[in-house]
Amino acid sequence: MRRVVRLHAGVLALVAGVLAGTGLALMTAWLLVKGGPRVGDHLRLLGQYFYGYTVTWTGVVVGFFYGALLGAIVGWSIGVVYNVVAGLRE
């Protein structure tokens with residue numbers, strides 16, 4: 001007999017949150033270090049969705065928290081949906 005392994009949604013939320021937050025913070029920091037006349041035009045558009053986010057060193061911290069929050073929500077949602085589908089298969 002086969003069994004389907006269930007995911008722990010909280011752990012998946014934590015991992016996805018850390019990865020997304022770190023990713024956004026690193027992207028912002030990379031653009032700041034890289035420099036140039038128009039730094040981060042495309043990434044700056046995230047400020048339309050993430051209140052207070054800008055492509056600045058303060059934005060690195062703000063971006064980490066917003067990225068972590070969004071990543072955690074997405075990770076938790078994936079875990080819950082997977083567990084519901086796995087429950088239907090049993």
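I'd like to check something: does segment 36-53 contain any residue that is within 30 Å of Arg6 (Cβ to Cβ) and of a type in the set (Ser, Thr, Tyr)? Checked segment 36-53: no residue is within 30 Å of Arg6 (Cβ to Cβ) and of a type in the set (Ser, Thr, Tyr).
Restricting Val33, Val62, Val81 to residues that are closer than 30 Å to Arg2 by Cβ and of a type outside the set (Phe, Trp, Tyr) narrows the list to Val81. Within segment 33-60, the set of residues being under 16 Å from the mean Cα position of the chain (by Cα), of a type outside the set (Gly, Ala, Ser) and surrounded by 15 or more Cβ atoms within 10 Å (Cβ to Cβ) comprises Leu43, Leu46, Phe50, Tyr53, Val60. Identify, by number, the condition in (1) in a helix (DSSP H, G or I); (2) among the hydrophobic types (A, V, I, L, M, F, W, C); (3) farther than 30 Å from Gly10 by Cβ that Leu46 doesn't meet. So the condition that Leu46 fails would be (3). Would you call Leu7 aliphatic (A, V, I, L, M), on the phi < 0 side of the Ramachandran plot, at pLDDT 95 or above and surrounded by 15 or more Cβ atoms within 10 Å (Cβ to Cβ)? No; evaluated as a whole, the condition is false for this residue.
The values are calculated or read from the model by the stated rules, or taken from the named source; none is laboratory data. Everything numeric here is computed off the predicted structure, so don't read it as measured data. As a convention, Cβ positions derive from the backbone with ideal geometry for all residues, glycine included, and neighbour counts pool all protein chains shown.
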